[in-house]
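Working notes, beginning with the structure itself.
The values are calculated or read from the model by the stated rules, or taken from the named source; none is laboratory data. Quick caveat: nothing in here was measured; it's all calculated off a predicted structure. Here Cβ is always computed from backbone atoms with ideal geometry, including for glycine, and neighbour counts include all displayed protein chains. Ligands, DNA and RNA are excluded from the accessible area calculation, which covers all protein heavy atoms including side chains. Shrake-Rupley method; radii C 1.70, N 1.55, O 1.52, S 1.80 Å.
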Amino acid sequence: MKVSYKIHHLPFKHPFTISKGTKTHQPTFIVELDHFGIKGYGEAPAISYYNIPVEKMAEDLERKKTFVEKFAFSDPERYWHYLHHLFPENSFLVCALDMAGWDIFGKIKRQPLYQYWNLDINKTPLTDYTIGIDEPDIMIQKMKEKPWPIYKIKVGFDNDIETVAELRKHTDAIFRVDANAAWTLDIALQKIPLLKELGVELVEQPLAKDDWEGMKILFEKSPLPLFADESCVKDNDVEKCAGFFHGINIKLTKCSGITPARRMIQKAREMNMKVMIGCMNESSIGSAAIAHLAPLTDYLDMDGPLLLSEDIAEGVGYDYGKIIFNDKPGLGVLLK
Ligand code: MG
């Protein structure tokens, strides 16, 4: 196995603002694994909130490159376990390598991953399209620029309810909101019923990630389903969320790849929780990995390639919320 990597800073079409800040570019770490001439690709975008910059991914990979390369690859799940022990502090790097391992595995099997897993791609939920925080006029303009069946609206600022009400005047699309941990319990109790009246279907991460006391109360009182994002990072967080959230938002980068994401989906099902699979503004490489898992989920938030103005690969198509798969093996992506 040979490993190489590249760092990209992919520009957003519009500056992207959530309750935690604004960015104009998405730094992302791309790995290529070469297994006897079969190439696999994986991706991990850096999210400052999780404190793993792309430079740290490069540094850790350089330091243990020989160990990554000497593994006798046969099965991606075994490879993930090996990587997980090799990089216990760098789940993002593990994610990129795990994804590339699955890409190679699918290519060895000559099947797209969804087919290898026997998934029915007709069960793939429609993806939402995210509207970042901005002046209401600009948010309306972004919505009009991209007619879409489901919008995810970033909230967690003063006048956020008034803004959603303003957007509602311009579309009948499904709305979901993401507060990115910005509300207190009192604010959430006051705002969520208003959002329900505005036709919002679910609320993502209303409270701080460790406000379990607040979540317990909100879980009992909220008229809308609540989804954990920042509160549900890794495998063992799924169980913690039961009784506090109605569902979880799994993201490959935070949980460290396709291998643990599959376990989390299974665990959530056992605990009777809904499953969303989300993105961290991945290019088409990371987005393809999300797409292959999407038929197993209830909600899909996979709009990275739509928000970015530059892509480094192709292979994922979008048609008004519907994901268009191809029948190429592995992740099914080609570098541009
Ligand atoms: Mg979120």
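List of remarks:
- Distance between modelled label sites at Ile7 and Glu162, nm, 7 Å Cα→Cβ extension: 4.2 nm
- Shape category assigned to segment 1-143 from the gyration tensor of Cα positions, a/c cut at 1.5: oblate
- Given charges at Cβ of Lys, Arg, Asp, Glu: the chain dipole, positive-most of Phe73, His85, Ile140: Phe73
- Tilt relative to the chain, helix 54-63 - C-alpha long axis, 0 to 90 degrees, to 10: 30 degrees
- Taken over segment 260-336, lysine pairs spaced eight or more positions apart, or on distinct chains, with alpha carbons under 27 Å apart number 4.
- Measuring nothing but protein heavy atoms, the accessible surface of segment 1-156 at 1.4 Å probe radius is 52 percent carbon and sulfur.
- Solvent-accessible area per residue, Å², over segment 72-115 with all protein chains present [probe radius 1.4 Å]: 39 Å²
- Amide H contacts under 5 Å for Ile131: Lys152, Ile153, Lys154, restricted to partners 5 or more places along the chain or on a different chain, H placed in the peptide plane at 1.01 Å from N.
- Database remark: amide H of His25 closer than 5 angstrom to the amide H of Phe12 (H placed geometrically; neighbours at sequence offset of 5 or more, or on other chains; Pro and chain starts carry no H).
- Shape category assigned to segment 115-335 from the gyration tensor of Cα positions, a/c cut at 1.5: oblate
- Of the trypsin sites (Lys or Arg not before Pro) in segment 1-110, those whose Cβ has at most 16 other Cβ within 10 Å and which sit in DSSP loop: Lys20, Lys64, Arg110
- Against the chain, whose longest principal axis comes from its Cα atoms, helix 258-270 is set at around 50 degrees.
- Rounded to 10°, Cα long-axis angle of helix 185-197 versus longest principal axis of the chain: 80 degrees
- Spatial separation of Cα centroids for segment 227-265 and segment 104-149, in angstrom: 19 Å
- Whether segment 215-336 is rounded, prolate or oblate, judged on the alpha carbon gyration tensor where a/c under 1.5 counts as rounded: prolate
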